[in-house]
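Read the structure below first, then the notes.
The values are calculated or read from the model by the stated rules, or taken from the named source; none is laboratory data. All figures in this text were calculated on a predicted structure; none of them were measured in a lab. All Cβ positions, even for glycine, are placed from backbone atoms using ideal geometry, and neighbour counts span all protein chains on display. For the accessible areas, the whole protein counts, side chains as well, though only heavy atoms, and no ligand, DNA or RNA atoms are used. Shrake-Rupley method; radii C 1.70, N 1.55, O 1.52, S 1.80 Å.
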Amino acid sequence: MKISVIGTGYVGLVTGTCLAETGNEVVCVDIDENKVERMRNGEVPIYEPHLDVLFERNIKANRLQFSTSLKEGIDHGDIIFLALPTPEDEDGSADLSYVLGVSDEIGKLLSGYKVIVDKSTVPVGTAEKVRAAILKNSKFDFDVVSNPEFLREGFAVDDFLKPERIVVGSSSERATDLMKKLYKPYVRSGNPIIVMDEKSAELTKYAANSFLATKITFMNEIANYCEKVGADVDKVRIGMGTDSRIGKRFLFPGIGYGGSCFPKDVKALHKSGKEDGYDFKILESVIDVNQKQKLSLLPKIESYFDGDLKGKTFAIWGLAFKPETDDIREAPSLDIISSLLDRGAAVRAFDPEAMDNVSRRYGDRITFSTSMYDALEGSDVLVICTEWSIFRTPDFNKIKNSLRYPVIFDGRNLYDLMDMEKEEITYFSIGRKPIKKTTLVH
Ligand SMILES: NC(=O)c1ccc[n+]([C@@H]2O[C@H](COP(=O)([O-])OP(=O)(O)OC[C@H]3O[C@@H](n4cnc5c(N)ncnc54)[C@H](O)[C@@H]3O)[C@@H](O)[C@H]2O)c1
Ligand SMILES: O=c1ccn([C@@H]2O[C@H](COP(=O)(O)OP(=O)(O)O[C@H]3O[C@H](CO)[C@@H](O)[C@H](O)[C@H]3O)[C@@H](O)[C@H]2O)c(=O)[nH]1
């Protein structure tokens, strides 16, 4: 089939590449000329595992092309995906200007029947707005489908190629049939394509993300309570998660959820609720608790240094909002780094993929290290913000010998408490008792 994808970011590029992989002819359109130029030169502009192989293969096979021309995209595709940003507006609502702006343009460019598929995460009622925006300028027949995307960064290619479910919100049989045909190769294992009305599809996406954010936040509150009463959240987590009604996944406590989706989507659902006369009290708490959780290591750090961080140097391991991505949108590491800098401390940071993005934000206000161990050199203590695999089994002797104080503040509970006891490392984590060793100072 002929497919166009408008907006070639994390979702658009993965969607376009993975649709090309099953033989479709795909044109990816983006307004960012520099990005399009880089992709035309064979460069994948984001870090996403396995994407590079598929990207190269489909470009070589002429099934994947890039353009800055919306007209080219609209002329080419029988199905046109919108994978445009829906960032948080000042009041917490989803900013629909990208989606509706492009829809407006699409109306002027249509020259025959097309299916316009909204893959962006949007509030209930957006499909109607997209339809109205196109209809204003077009005399041609078209359908609008809501097809929310559930991929996770770091697993995006796998999630797209083998989705647990595909949600299609459509009131047109013609469009639904085309969508089923397009997605058939991706659900051979028997996972469902769930067809529903557009509004329900739009809400499914917000409900899923808000539920997952709530699950994490609930565990973060349990972790905070564990610290008050001397329980161990990792034991509680396993005790709870083995109940199949609860499930083991998304119960990991830490320094809060980040990323380009959960923070903005929870806020957007909360705001939509308010506009529609419904007060999502639970979401208000989730937003509030998560904001505090992002800085939950700070009181522990301040108390360790008797409130004075001036002149101290902090090694930071992990900058991306989660492992296996270079994405730093709403990353808890940024909140921690800014707070440390505000208190007169210095930062030596290391991340396997996200340092370029962070350096664009902080410039030379922090030092970027060549390796995880290089970050320790000249640092007082270590703070862990992201659970990259490479941090899971470090050389503890190197940590002890390089840091001025052998102390770790771990926002992702990477290490066993018993190991920390044995290694004689002072160790603060989330929802577990601190390990306090008499500190040697180098
Ligand atoms: N990132 C994720 O993991 C993820 C997963 C599921 C859903 N979503 C949703 O998908 C949507 C896109 O998210 P993303 O993370 O891919 O965003 P992104 O910021 O990575 O990419 C958006 C792209 O759209 C381009 N763009 C902006 N205006 C344009 C225009 N007028 N014409 C053409 N291109 C234009 C930008 O240059 C950018 O490349 C959002 O609604 C998001 O909530 C994201
Ligand atoms: O047990 C857990 C699981 C996750 N997180 C945090 O939650 C955030 C989001 O993680 P994850 O969901 O793995 O990453 P995303 O790529 O943001 O994916 C979410 O957001 C996407 C965009 O909407 C959806 O498509 C996905 O289904 C949804 O999982 C990250 O900061 C994680 O550190 C935890 O703190 N504890």
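Of note:
- Residue match in the range 328-343 (condition: part of a loop (DSSP other than H, G, I, E, B) and either touching a His at 6+ places or on another chain (Cβ under 9 Å) or aromatic (Phe, Trp, Tyr) (or both)): no
- Members of the range 3-29 that are away from ligand 2 (no atom under 16 Å from the Cβ) and open to solvent by 20 Å² or more (accessible area, probe 1.4 Å): GLU21, THR22, GLY23, GLU25
- Scanning the range 402-424 for residues that are part of a loop (DSSP other than H, G, I, E, B) and of a type outside the set (Phe, Trp, Tyr) yields LEU403, ARG404, PRO406, GLY411, ARG412, ASN413, LEU414, ASP416, GLU424.
- Qualifying residue in the range 90-108 (condition: among the polar types (S, T, N, Q) and over 30 Å from LEU283 (Cβ atoms)): no
- Taking residues in the range 339-355 that are in contact (Cβ under 8 Å) with a residue 60 or more places away in the chain and within 16 Å of THR325 (Cβ to Cβ), and partners anywhere that are among the aromatic types (Phe, Trp, Tyr) and buried (at least 19 other Cβ atoms within 10 Å of the Cβ), the pairs with Cβ atoms closer than 8 Å and at least 6 places apart or on different chains are GLU353/TYR47.
- For the range 378-401, the tally of residues that are open to solvent by less than 60 Å² (accessible area, probe 1.4 Å) and not in a loop (DSSP other than H, G, I, E, B) stands at 8.
- Criterion (at pLDDT 95 or above and open to solvent by less than 40 Å² (accessible area, probe 1.4 Å)) met by exactly one of ASP104, ASP75, ASP52, ASP89: ASP104
- Among (1) under 24 Å from the mean Cα position of the chain (by Cα); (2) part of a loop (DSSP other than H, G, I, E, B) - the single one GLY42 does not satisfy: (1)
- Subset of the range 151-181 (residues that are buried (at least 20 other Cβ atoms within 10 Å of the Cβ), in contact with a strand residue (DSSP E or B) (Cβ under 6 Å, 6 or more places away or on another chain) and part of a loop (DSSP other than H, G, I, E, B)): SER170
- Those residues of the range 259-273 which are in contact with a Ser or Thr (Cβ under 9 Å, 6 or more places away or on another chain) and more than 16 Å from ligand 2 (Cβ to nearest atom), in sequence order: LYS271
- Top-ranked residue in the range 138-147 [being open to solvent by less than 10 Å² (accessible area, probe 1.4 Å) and either farther than 20 Å from GLY16 by Cα or touching a Lys or Arg at 6+ places or on another chain (Cβ under 7 Å) (or both); ranked as farthest from ligand 2 (Cβ to nearest atom)]: VAL144
- There is at least one residue in the range 299-316 that is assigned by TED's automatic domain parsing to the domain that holds TYR373 and within 16 Å of ligand 2 (Cβ to nearest atom).
- Residue list for the range 266-281, restricted to those being open to solvent by less than 50 Å² (accessible area, probe 1.4 Å) and farther than 11 Å from ALA94 by Cα: GLY273
- Condition met for SER296 (closer than 19 Å to ARG365 by Cα and out of contact with any strand residue (DSSP E or B) (no Cβ under 9 Å at 6 or more places or on another chain)): no
- Residue ID - farthest from ligand 2 (Cβ to nearest atom), chosen from residues in the range 111-123 that are surrounded by 21 or more Cβ atoms within 10 Å (Cβ to Cβ) and outside any strand (DSSP E or B): PRO123
- Counted residues, the range 195-209 - those being surrounded by fewer than 22 Cβ atoms within 10 Å (Cβ to Cβ) and touching a helix residue (DSSP H, G or I) at 6+ places or on another chain (Cβ under 8 Å): 4
- Cross-chain or 6+ apart pairs with Cβ under 6 Å, the range 90-110 first and assigned to a loop (DSSP other than H, G, I, E, B), then more than 14 Å from ligand 1 (Cβ to nearest atom) and among the charged types (D, E, K, R): GLY92/LYS271; SER93/LYS271
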